[in-house]
Every structure is written in C-alpha cells, then in structure tokens.
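Structure, as structure tokens:
Since every read-out is calculated from the coordinates, none of them should be taken as a lab result. Keep in mind that this is a model prediction, so the values were computed, not measured. As a convention, Cβ positions derive from the backbone with ideal geometry for all residues, glycine included, and neighbour counts pool all protein chains shown.
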Amino acid sequence: MRLPQKKLSIRIDGELISAVEGQTILQAAKANGKYIPTLCDLEGLTPVGACRLCIVEISGTDRLFPACTTPIQDGMSVTTASTRLAHHRRISVELLLVERNHTCAVCVSNGHCELQSLASAMGISTVRFAYNYPKLGVDLSHPRFVLDHNRCILCTRCVRACADLEGAHVWEITSRGIHSRIVSDLNQKWGESRSCTNCGKCVQACPTGALAAKGCAVEEMVKRADNISSLVHRREVQV
Amino acid sequence: MHTASLERPNAAERAFIDQVIISRTGHPGALLGILESVQERHPNKYLPLETLEYIAAQTNTPLSRIYSVVTFYALFNLQPQGDNTICICRGTACHTRGSRNLLQSVRLELGLGLEDASETSEADKTLLTTPDHKFTVRTVACFGQCAMAPVVEVNHRICGHVNERTLQREIRTVERESY
Ligand code: SF4
Ligand code: SF4
Ligand code: FES
Ligand code: FES
C-alpha cells in the first residue's frame, strides 16, 4: 500500500498552489498549468538537468535552479519568467544553435522540432556567437532509422528512452566537452548494434531532427514524444 | 574517430579479468577499477574492443556505457601504446613556456610528422604512436606542476624546465635503455 503523500504549498509566479512532496518544480508547475520551457526533460524519463532551459528563480537565493531536477519544498516561492531568466535561456538556445549545424530549411524535422519552436518562441532569429560548423557524420546503417549528428543537442533523451524504457541501453555519450557524441554500443554503426531491438523509442523521444525515420524528406519527420510519456503512465497503472 | 583494434582475450586474460571483477564488484566505481587493472596488465597498455565486450558481458554492463567511460577518461587507451610514453603538457603555463615547440620537435624527432591544420581543432588531444611501437607521444591538459613549466613526462617520470635539447637527451636515454 502506498502511504498518502504529504501535501506542500508553494508559490509559482505569486500564485499559491498545492503540490505533492517529492515532485520537482517542473512537475508541480505542469500539474497546475504553468509553463516552463524545457528541452532535455521528457515526462516519464529520469530528469538529468542537461539543457538548463528550465531554470527558475527561487526567493531567498541568487542562484538559478533547473526546475526539472529541483524538488519542491514547503513554502518555496518560484519565479518562472523574468528578464534575467529570459537572458540566460536565450544564451543556452543560442549556444545550442551554434554548436552543430542546425540548418532548419533542409532538416527532416523542420516545423516539428522542439529546438526550433523554442528559438522562435523566444524570438531568436539571429545568434551573436560564431557558428562552429563542425563536420559531422550521418549514420545510415540502421534499416529503419537515421542518426544525424549535425542536429544532435546531446540532451540524452534517446539514451534514457532506450535504457529506461526499452532496457536495451544502445546509446551513450562518448568523449567529452565539444567532442561529445552520441554513440551506439562500442562505437559500432547503429545498424550493426546487437542490442538494438528496432523499437523506435529513441527516435520518438528525440526533440530535434537528429534521430528520424528513414525516407523522410524535409519537414516530414513528426515526432510523438508524448507516446513515450503515455507509455510510461500505462506501465505505472497497477492492476 | 577511434578505430580500436580487435584482439580476443585468451584464457589466461579471461581468468585474470574474472578475478578482477570478483574482487571489485560491489565497490563504488568498480568498473573504473576493473578497466584500469585490465589495461595495466596488457603489455601494450590498452583495452582491445573484444576485452571490453568480455568485461561488458561478465559485469552485465551495457556496451555503450563501457565505451562512454573509456572515452571520457584520458587514462584509458583503445589503441596499443608504444613501449615508451612521452607525455607533453599543453596546459596554459607550459604553453606560454613553449610546450608547442617541444611537441613539434618530438614529433619531428620520432618521425611522426608535423601537426597539420585538420588536427588543430582537436589540439587538446594528441595521441601518436611510432610505427615500430617504440614511442607514444601524447599530451595532457596540466600535470599540476606548473612551477616547473614546461613539463614533460617520460615513462611516468616528471621532467621540469624542459627544453628541446634536454628532451632529446631524455629520448635518447630511454631509447638506449629499451634495447
Ligand atoms: S530503436 Fe529502440 S532499442 Fe534501438 S536504439 Fe532506439 S530505443 Fe534503443
Ligand atoms: S540524438 Fe536526439 S535525443 Fe539523442 S541526444 Fe541527440 S538530440 Fe537528444
Ligand atoms: S529541461 Fe531542465 S535542464 Fe533541460
Ligand atoms: S600547465 Fe603544464 S603542468 Fe600545469
């Protein structure tokens, strides 16, 4: 039997809401219809706090906290939007855009990409940093899917979907810093990976055009990341 | 990109790996310790892909996790290492005291060619082995011995205030010793 969970009250943007102990700020905000931008978070997957887009202000401290990994505390007062937050979120998105080759006009996910939607919602039409233009490969070896490193933002949603949900743990991040890449098995080609079950969960979880179904032309890859979340919820239902 | 080599662990190696796994399992950071001991035992101080596969199978670790760990830490090698290792510090202090020239002169000295433009993007990571497997030249981000800059490590021995001449002498010495 589950113990009844303790109710806590917190303030989000001044509004008093009641939340359950153990929830993160992001979960409490979502449950109450409050929007916080996110990229690496996907409901159902273990949060990792990689993208820093969900940063919020908490009264009483100058530090910014990622809403997706910070648990709520009773009496906490959270601010989800301010000039300061917008400034930092904008930097994060700009840096993601310059790191790889996000050429939306020729991307399979053009129009259905979480990075693109965030950038346009934030009014980012130009970036103030120099583009990195790395020469990165595309892995076409899988019979059904494609991995394009040029679009990857290293959010690890694919890593977690494959490890936590499918239990195959095909993906990880190799190297570090600017040299980090998504890698399958021992740096084998995806199509040669013996652990991949071809389930496609990683593709649906990926927020950008980095993972896509084969044969999609520009704009044709529509992801169903919510399928991942609902799959988790269905598994949680106790019969 | 790594093109790690294939080499199936033989029975003795497998026995050693099994032994290491038994002694380490349950301790925090077990995987790191296992990989380190196995690499240390290899005559060429590296981890062949098939060894990684074997460790993955025996410890029930996903292959990608193992690959991620061995590529995250500079300590692990996926390529056979030369008999002697020259490790040149490319940290800030050593850089300002001319470690780039040291690196270039060692490369020339050992016939490894000069750095080309395509490499500069990965300048923080040089790892070269001579075709006869006598020498491996690599770089490190800082030895923590900045007061002695420029610092070069020759077969795990730290040498400070190195110049091209003293470095050349060091190389000659280890070369002679390894015959
Ligand atoms: S298709 Fe499924 S098993 Fe294969 S890598 Fe993606 S999530 Fe993992
Ligand atoms: S491939 Fe997609 S899901 Fe995986 S890390 Fe890159 S952007 Fe994220
Ligand atoms: S969504 Fe919280 S850090 Fe990415
Ligand atoms: S920079 Fe070379 S030892 Fe610190």
- Message: Testing the spin-label approximation: label points 7 Å from Cα along Cα→Cβ at A:S141 and A:V232. State their distance in nm.
- Response: 3.0
- Per-residue HN-Hα couplings for the stretch A:8-13, Karplus 6.51 cos²θ - 1.76 cosθ + 1.60 at θ = phi - 60°, whole Hz, x for Gly and Pro? 10, 10, 10, 10, 10, 6
- For chain B, alpha-carbon Rg over 2.2 N^0.38 Å: 1.12
- Item | Inter-label distance for A:A81 and A:Y131, nm, one decimal - labels placed 7 Å from Cα along Cα-to-Cβ | 3.1
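What is the stretch B:11-72 by shape, rounded, prolate or oblate, if you read a ≥ b ≥ c off the alpha carbon gyration tensor as root eigenvalues and call it rounded for a/c under 1.5, prolate for a/b larger than b/c, and oblate otherwise? Walk me through the numbers before you get to the answer.
Details: a/c = 1.34, a/b = 1.07, b/c = 1.25.
Verdict is rounded for the stretch B:11-72.
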- Hey, rough spin-label estimate for A:C216 and A:Q5, points 7 angstrom out along Cα→Cβ, what's it come to in nanometres? 3.2
- Note on the structure: So the angle from the long Cα axis of helix A:83-99 to the longest Cα principal axis of chain A, reported in degrees to the nearest 10, equals 10
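Hey, what number do you get for the protein assembly as shown at 222 nm if only DSSP H runs of n ≥ 4 count, each worth -39500 (n - 2.57), divided across all residues, to the nearest 500?
On the way: 14 runs with 134 residues, N = 418.
Rounded to the nearest 500, it is -9500 deg cm²/dmol.
Just the ratio, please: alpha-carbon radius of gyration of the stretch A:7-81 over 2.2 N^0.38 Å, N its number of residues. Write down the numbers at each step before the final one.
Numbers: Rg = 11.1 Å, N = 75, 2.2 N^0.38 = 11.3 Å.
Working it through for the stretch A:7-81, the quotient is 0.98.
Could you give the size of the charge dipole of the stretch B:11-72 about its Cα centre, using +1 on the Cβ of each K and R and -1 on the Cβ of each D and E, expressed in debye and rounded to the nearest 20? List each step's numbers first, then the result.
Details: 5 positive and 6 negative charges, 21 e Å.
With only Lys, Arg, Asp and Glu charged at Cβ, the dipole is about 100 debye.
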- What's the average, rounded to a whole number, of partner chain beta-carbon atoms within 10 Å of each residue's beta-carbon in B:64-74? 6
- With a cut-off of at most 12 other beta carbons within 10 Å, and DSSP calling the residue loop, which chymotrypsin sites (Phe, Trp or Tyr not before Pro) in the stretch A:130-218 qualify? Please list them. A:Y131
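Would you mind giving the average projected area, over all directions, of the Cα convex hull of chain A in nm² with one decimal? Working shown, then result.
Values: hull surface 58.8 nm².
If I average the Cα hull's projected area over directions, I get 14.7 nm².
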- Message: If the only charges are +1 at each Lys and Arg Cβ and -1 at each Asp and Glu Cβ, what is the size of the charge dipole of chain A around the Cα centre, to the nearest 20 debye?
- Response: 100
- Note on the structure: Amide H neighbours of A:I55 at under 5 Å, excluding residues fewer than 5 places away on the same chain, with H built from the backbone geometry, are A:A67
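Residue separation times 0.36 nm, minus the C-alpha to C-alpha distance between B:A74 and B:R41: what's the value?
Working: separation 33, 0.36 × 33 = 11.88 nm, distance 1.75 nm.
Stretched out fully, the B:A74 to B:R41 stretch lengthens by 10.1 nm.
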- Query: How big is the charge dipole of the protein assembly as shown about its Cα centre, in debye rounded to the nearest 20, if each Lys and Arg gets +1 on its Cβ and each Asp and Glu gets -1 on its Cβ?
  - Reply: 540
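What's the local net charge at B:T51, with K and R +1, D and E -1, over the other residues with C-beta under 14 Å away? Working shown, then result.
Working: positive: B:R8, B:R14, B:R41, B:K45; negative: B:E7, B:E13, B:D18, B:E36, B:E40, B:E50, B:E53.
My count for the surroundings of B:T51 gives -3.
Sum up the charges of everything whose Cβ sits under 13 Å from the Cβ of A:A19, counting Lys and Arg as +1 and Asp and Glu as -1, but leave A:A19 out. Provide the component values of the computation, followed by the final result.
On the way: positive: A:K6, A:K7, A:R11, A:K30, A:K34; negative: A:E15, A:E21, A:D74.
Residues close to A:A19 contribute a combined charge of +2.
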- Item | Note, ³J(HN,Hα) from phi for the stretch B:88-98, Karplus 6.51, -1.76, 1.60, rounded to Hz, x at Gly and Pro | 9, 6, 10, x, 4, 4, 5, 4, 5, 9, x
- In whole Hz, what ³J(HN,Hα) sequence does the stretch A:156-170 give by Karplus (6.51, -1.76, 1.60; θ = phi - 60°), x for Gly and Pro? 6, 5, 5, 4, 6, 4, 6, 6, 6, 8, 7, x, 8, 6, 6
- Message: Need one word for the protein assembly as shown: rounded, prolate or oblate. Basis is the Cα gyration tensor (sqrt eigenvalues a ≥ b ≥ c); a/c below 1.5 gives rounded, then a/b vs b/c decides.
- Response: prolate
